[in-house]
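Here is the structure we will look at.
The values are calculated or read from the model by the stated rules, or taken from the named source; none is laboratory data. Just so you know, these numbers come straight off a predicted model, no measurement behind them. Neighbour counts run over all protein chains shown; Cβ positions are idealised from the backbone, glycine included. Areas reflect the complete protein model, heavy atoms only, side chains present, ligands, DNA and RNA absent. Shrake-Rupley method; radii C 1.70, N 1.55, O 1.52, S 1.80 Å.
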Amino acid sequence: MNDSRHSSPQAGDRKTPPEAPHDVLAQRYAETLARLSTESSRALQGLLERQARGDFFTLPDPAVAAKSLASLGQQFLRHPQRALDVQMQLYQGYAALWQDTAQRLCGQAPPPAVQTGPRDRRFKGKGWEENLFFDALRQAYQLTAEQWLSAVHDVSDDLDREERVKIEFYARQLMDALAPSNFASTNPEVIEATVRTGGANLLQGMANLMDDMARGEGLLRIKQSDAAGLELGKDIAVTPGKVIYQNELMQLIQYAPTTEEVDRRPLLIVPPWINKYYILDLTPQRSFIRWAVEQGITVFIISWVNPDERYAEVPFDDYLTQGTLKAMEVVEEVTGEASLNTIGYCIGGTLLSCTLAHQAARGDERVCSATFFTTLLDFSEVGPLEVFIDEEQIGHIEQHMAQRGYLEGTHLANAFNYMQSADLVWSFVINNYLLGRDPQAFDLLYWNSDSTRMPRRMQSFYLRNMYLENRLAEPGGISLAGEAIDLGKVRTPAFFVATEKDHIAPWQSSYRGAHLLGRRPRFILGGSGHIAGVINPADSTKYGYWSYGHLPRNPERWLSSASHHPGSWWPEWRNWLKRHSGGQVAAREPGGGRLSPIEEAPGSYVQVRVDAPGT
């Protein structure tokens, strides 16, 4: 689940000052060469081990990409006039660009600068504008990219949606990969660094590349954040609390109060298990959990296990029975309250909706309110993720999971990263490998890199029943823990938060899913994307959100009537939740005297990283 809209954090070059003695330079080169040799051996060993077990699976799948680009070539052959039109438009654009460049060479005033869009933030360096050659190169690339993607859209328009989406996605990936910023000889910043350091940046970058290949067992696993610069429980996930219960699937954390009184009804948060829960508890300034505790709410959160091959046969049902339902039992035992409020985030929200439908089938009304963060209940349109969802690709995923017992989180992370490849792939290629820098410690990217595994049986059920067949949207389409799931029977007051630029749970799909519940919820649309739109602190002035009291069937009609509000939606949600708080009681300590705390938050389950040695 990644949505990091940023300019890549940059660390300083590992450069040697000009006055450094020759023996110091030699020593540093020797150290880098030794590291390069060691990491190259590790990468090769990992690749050989992967080949020995026949593990050639990657996501995105190169075979699917090749097939899509081949299909694109066939489409251009079927539309020769469109191909000719593109060439003519490019010729005219190049001619105009050359004329402008020639005038500037003759000392004439430059034309208005070409505005770079969000996808071209790699061209932010001064060298791209101050140097005439690189400025022309940048503009030529942007012109080519614009014409290419427009032509791809036109020639694939008569294909079915599934094939068209793949073609356009991989065509964009190809264009992103060919950006001149990605090559040492056509990036002015890299050239400057190479001259200044005598090539040390490229040597250091090669060592970084081999290190990332070694961590990926022969496959590239790009390092996005300095893991050594952050520590769970010390720098992030520091809200005081205790693990009060655990089973094989999850730990339950209760946070210590900071107010004398709290809401009578406690709050249980169900986070996604595709990534770890502490996205809601990053640095204290951006921690939703800390803020909720400060609002006088008794907060509980599930911390899911990071499964290995022993969990291969764990079904989706267990996440309901041993996850949400068990957590609700523990919350009631600890607080003595027979009712509670809930939040579900992403797939955690999907699970929460299934839990509510399961409870509705059994007449269980203990949940007084449910909040859904960027949650899909209707999977008919899943945005860019549909590139990876079809019978063929799911079959390949299942074959891979049959070998290992799980799907590595790194594969899912790669898929998410390529949805924003300019920011989350190529910016790090430039920083880590061409400039030879180490990425800075950055909480959001640290979390983004801290991926988790998906148990084989659960993941197969989820991909097929939700994404491929959209059965959750059908009354009784799936059954969990002995009950047919019918979202229409859920009459719990609900609050939906979607985000405008969400590439994982498109807001229009989240909006349609809100209509599946038996009671119309409150719906708001936050700015930004899947993560930043949710983790938008109460005192923030960024992004804003839209709200409207009615919920017409058409999401665009809703948006046209909605009012925009500056800042964060958190306070508005808190005002809504107060109506379901049940009044005030004295603050509760973790465990409530009924359960002895097991360990301090953030607990041990969250500490298991897939990129740690030996895992």
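Overview of results
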{"read-out": "Pairs, first open to solvent by 50 Å² or more (accessible area, probe 1.4 Å) in segment 234-259, second among the polar types (S, T, N, Q), C-beta under 7 Å, six or more apart", "value": "Lys242/Gln254"}
{"read-out": "Evaluation of Asn275 against (1) open to solvent by less than 40 Å² (accessible area, probe 1.4 Å); (2) in contact with a Pro (Cβ under 6 Å, 6 or more places away or on another chain) (one fails), failing number", "value": "(2)"}
{"read-out": "Residue match in segment 390-400 (condition: crowded, with 18+ Cβ neighbours inside 10 Å, more than 30 Å from Ala200 (Cβ to Cβ), among the polar types (S, T, N, Q) and out of contact with any Cys (no Cβ under 8 Å at 6 or more places or on another chain))", "value": "yes"}
{"read-out": "Residue that is surrounded by the most Cβ atoms within 10 Å (Cβ to Cβ), among those in segment 548-584 that are polar (S, T, N, Q) and more than 25 Å from the chain's Cα centre (by Cα)", "value": "Ser581"}
{"read-out": "Pair list, Cβ under 9 Å, 6 or more apart: segment 449-462 residue within 11 Å of Ala413 (Cα to Cα) and touching a residue at least 12 places away in the same chain (Cβ under 8 Å), other residue assigned to a loop (DSSP other than H, G, I, E, B) and open to solvent by 40 Å² or more (accessible area, probe 1.4 Å)", "value": "Ser449/Arg221; Ser449/Lys223; Ser449/Asp611; Asp450/Asp611; Ser451/Asp611; Thr452/Val608"}
{"read-out": "Some residue of segment 430-451 being acidic (Asp, Glu), open to solvent by less than 20 Å² (accessible area, probe 1.4 Å) and farther than 30 Å from Gly205 by Cβ", "value": "no"}
{"read-out": "First in segment 44-64 and of a type in the set (S, T, N, Q), second anywhere and not in a helix (DSSP H, G or I), Cβ under 8 Å, 6 or more apart", "value": "Gln51/Gly218; Thr58/Leu219"}
{"read-out": "Filtered residue count, segment 523-542, keeping only those that are free of Cβ contacts under 8 Å to residues at least 40 places away in the same chain and open to solvent by 10 Å² or more (accessible area, probe 1.4 Å)", "value": "4"}
{"read-out": "Subset of segment 231-253 [at pLDDT 95 or above, outside any loop (DSSP other than H, G, I, E, B) and farther than 20 Å from Glu294 by Cβ]", "value": "Val243, Ile244, Tyr245, Gln246, Met250, Gln251, Leu252"}
{"read-out": "Single match in Glu329, Glu309 (criterion: in contact with a Gly (Cβ under 6 Å, 6 or more places away or on another chain) and open to solvent by 10 Å² or more (accessible area, probe 1.4 Å))", "value": "Glu309"}
{"read-out": "Yes/no for Ala113 being modelled with pLDDT under 90, over 25 Å from Met419 (Cα atoms) and surrounded by fewer than 11 Cβ atoms within 10 Å (Cβ to Cβ)", "value": "yes"}
{"read-out": "Options Gln103, Gln89, Gln139; residue that is at pLDDT below 90, part of a helix (DSSP H, G or I) and open to solvent by 30 Å² or more (accessible area, probe 1.4 Å)", "value": "Gln103"}
{"read-out": "Residue in segment 459-473 that is surrounded by fewer than 22 Cβ atoms within 10 Å (Cβ to Cβ) and not in a helix (DSSP H, G or I) present", "value": "yes"}
{"read-out": "Test for Glu217: is it closer than 27 Å to Gln440 by Cβ, part of a loop (DSSP other than H, G, I, E, B) and either out of contact with any helix residue (DSSP H, G or I) (no Cβ under 8 Å at 6 or more places or on another chain) or among the charged types (D, E, K, R) (or both)", "value": "yes"}
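Residue by residue, here is whether (1) closer than 17 Å to Val299 by Cα; (2) aliphatic (A, V, I, L, M); (3) not in a helix (DSSP H, G or I) holds:
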{"position": "Gly513", "(1), (2), (3)": "no, no, no"}
{"position": "Arg520", "(1), (2), (3)": "no, no, yes"}
{"position": "Ser540", "(1), (2), (3)": "no, no, yes"}
{"position": "His550", "(1), (2), (3)": "no, no, yes"}
{"position": "Ser568", "(1), (2), (3)": "no, no, yes"}
{"position": "Arg594", "(1), (2), (3)": "yes, no, yes"}
